[in-house]
C-alpha cells in the first residue's frame, strides 16, 4: 500500500512539473540520426525560440498524428512520405517557406491520406520561387490557416488521381495561384484577398468564397465550379474550358466576362450578374418538375426555337391540332379574353424576343436550355391595351439570368400599370397568383395590366433591378388578415382581406390587387372568389383587398363567387391577428343565414341551384356577435352601385323588397327612374349619356341612399 501511495504522489508531482515547463513539441526528424527523447535537438523550440530549419520536414506513420509547433518555423519543404497513410494534423505558430536549397519551396503529399495544416503560412516573396502545393499520391491536403502569398502559389502534382486540396483559410498577398494538375480538385472555402491572377490551367477549382481582387482565367483543360454565392474580379475562359454555377447559387463578376467558346452552364435557380461587359455564350438550364403549362422567358439573347430546339427540349405536340407545338405567344388584340399563337411543326427559326413571355408545355418533366449571350443593358418593352381597349393584359418576362426585384419593377413602372392591377401575375401551373413583393426567377414570364395607349417603349426592366436570391423563405404574417377560401371538391380558390394602418376603403394601389382576367377557361369548370371595394366601387373584382385596421364592425365586405350550377361549394376562412373578441361571419342573403368561419373546422356548405357569377349574395362581416346590425344606415352602406359598361348600372347588396332607382345629372335633371323588387344583384339600363358625374338616388324599404357615380 505504501508503494501505491508513493507512485500516485510521484505522478502528481511529475504532471505539475511538466505543465510548468516551456511547451515543446517532439520533432523526430532533425536529421541527427538520433531519435531519442533525451536529445534536445529533437524538440521544435530548443535551443532557439524561433528555429530556422533549413531542410525538409518529413512525416510517416512513425510520427505522432497530431503535432504542434510553439515557435515560428522557416523551412524549405514539408514532405508527407508515401508511408504516411495515417492522417496528420499540424497546428501552431507561423510557418515560412523559402528557397533554401536551390529548389522551389514545397508542401508535398506522396501518401494516400489527407493531411491538415492549420498554421498560418508565409510563401516565398520571390515570384521565381513559387510555393508549390504538390500531391503525388492519392491523398489530399487541407489548409486551415491563412496563407500570405507574396510570390506565387503553384498547385501541381504528377501521378495524383482523384485528390483534392482544400483551403479553409484566407490566401492573401500580391502573388497569384496557378493550378496545373488535371486530377486534383482545388477547393477555396474562404474569401481570399490575394491580388495576383488565378490560372486554372488543368483540373477543377471549386469556389465557395470570393476572389474580388484576382482575375480568374480558365484554361483549355480547366474547370471552374461555383458552389456558393461568390463574387470575383473578372473571368476569362479559353476554348475547351468549362464553368458551372450550381443550382440556387450565384456568381457576380465585378468587371468583364470573356468566353472564347467554352461551356458555361448556369443550373436552375442559380444566377449570374456581370457588372462590366460580356462576350461569348452562356447556357441557362431551367428545370420544370411537371407537365403543366408554364410562363417562360429566355434569360439570354439569341436563342431560337425551331423543330430542332423543340425536339431537344421535349416540347409537347398538340392534341386537337397535331401540328401545334407547346410553345406560344399571347395576343391581346384579338378579343377580350386574348388568344394563344402556337408554333407549328416545320415553322421558321424564330428568335426568343428579350423580355417577351411565352407559354410552354413539356411532354415530360425536365429542363429547358437557353443558350446565347448575356444581356448587360436595360430592356425597354411595349405594352398595349389590346382589343378595343378591352384586353389590357400583356405577357412579358425576365430577360436576365438573375432575379428581378418585383417592388423595384412596379415602382419604376407604376404610371404605366393600371391601378387596380398594379402587380405582376405569375402562373404556378394551375392558377394565377398576383405578386407585389419578392423576386422574379430567371426564365420566369408574367402578366401585367396596361394603363397606357402609346405603342412605343413604355415600360422597362433594368439592370439595376437585378439581384441574387438563393431560395424563398415564407414568413408568418404579422398583419391582421382574413383568407377566405372556397372549394367545389375538385378546384380551390381564395381571396385575401388585409387590414393596415393608413389604408382606405377605396383603391390603395399595390395593396388592392384585381383578379387576373386575361385568359378564358373556354367553358371549363370555373371557380373563383373575390371581393369588391367598399368605396368608389366600379365593379372590379379583387383577389386581394386592403382595408383600414379600425372600425371593423362598420365594414361589410361584398364577396363575389363564380361557380357552376349543381356544384356543392364550401366556404372556409383563416383569420390572423384580429382584435380580441372579433369574429368572422359569412352572410348568405339568399338563404338568410350567417355562419361563423374563424373557428377551427368551421365551414359553410351549399349546393347551387343555378350558376353564380358576381356579387350581391354573400357578405363578410367582422363582428363581436352573430347578430347583424339593424342600423338602416349601416345596411344601406353595404349596397354597391357601379357601372358594368356605358349602358348598364349594377346594384348589389340590396335588402329584399321594393326598390326605386333614380339617376340625376349635376343640374338636377332626372334621367332614369325605375322600380323593381330587389334580388342579390340587379341591373338598371341607362340611356346614352355624356361622360361625367351623376347622382344615383336609391329608395328601399329600409331607407334612402344617395351615391355619386362617374360615367366615362
Filtering region 235-269 for residues that are in contact (Cβ under 8 Å) with a residue 60 or more places away in the chain and farther than 19 Å from residue 464 by Cβ leaves a count of 5
Does residue 650 fit the bill of being under 30 Å from residue 595 (Cβ atoms), modelled with pLDDT of 80 or more and assigned to a strand (DSSP E or B)? yes
Out of (1) in a strand (DSSP E or B); (2) out of contact with any strand residue (DSSP E or B) (no Cβ under 8 Å at 6 or more places or on another chain), the one residue 126 does not meet is (1)
Checked region 422-448 for anything farther than 16 Å from residue 356 by Cα and outside any strand (DSSP E or B); matches are 422, 423, 428, 429, 430, 431, 436, 437, 438
Scanning region 88-103 for residues that are closer than 20 Å to residue 140 by Cα and assigned to a loop (DSSP other than H, G, I, E, B) gives 88
Condition set closer than 14 Å to residue 551 by Cα and assigned to a strand (DSSP E or B), scope region 499-517, selection modelled with the lowest pLDDT: answer is 500
Those residues of region 170-220 that are in a strand (DSSP E or B), at pLDDT 90 or above and farther than 21 Å from residue 139 by Cβ come to a total of 15
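Residues checked against (1) surrounded by 14 or more Cβ atoms within 10 Å (Cβ to Cβ); (2) touching a helix residue (DSSP H, G or I) at 6+ places or on another chain (Cβ under 8 Å); (3) modelled with pLDDT of 80 or more:
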| residue | (1), (2), (3) |
| --- | --- |
| 30 | yes, yes, no |
| 48 | no, no, no |
| 96 | yes, no, yes |
| 110 | yes, no, yes |
| 134 | yes, no, yes |
Of the residues in region 347-367, those that are within 14 Å of residue 326 (Cα to Cα), assigned to a strand (DSSP E or B) and either over 23 Å from the mean Cα position of the chain (by Cα) or free of Cβ contacts under 8 Å to residues at least 60 places away in the same chain (or both) number 0
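Residue by residue, here is whether (1) in contact (Cβ under 8 Å) with a residue 60 or more places away in the chain; (2) more than 29 Å from residue 412 (Cβ to Cβ); (3) assigned to a helix (DSSP H, G or I); (4) out of contact with any helix residue (DSSP H, G or I) (no Cβ under 8 Å at 6 or more places or on another chain) holds:
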residue: 489; (1), (2), (3), (4): yes, yes, no, yes
residue: 540; (1), (2), (3), (4): yes, no, no, no
residue: 543; (1), (2), (3), (4): yes, no, no, yes
residue: 560; (1), (2), (3), (4): no, yes, no, yes
residue: 587; (1), (2), (3), (4): no, yes, no, yes
residue: 601; (1), (2), (3), (4): no, yes, no, yes
Scanning region 546-571 for residues that are surrounded by fewer than 19 Cβ atoms within 10 Å (Cβ to Cβ) and modelled with pLDDT of 95 or more gives 570
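The values are calculated or read from the model by the stated rules, or taken from the named source; none is laboratory data. Since the model is a prediction, treat every value here as computed from it, not as a measurement. Note: ideal-geometry Cβ built from the backbone for every residue, glycine included; neighbour counts use all protein chains shown.
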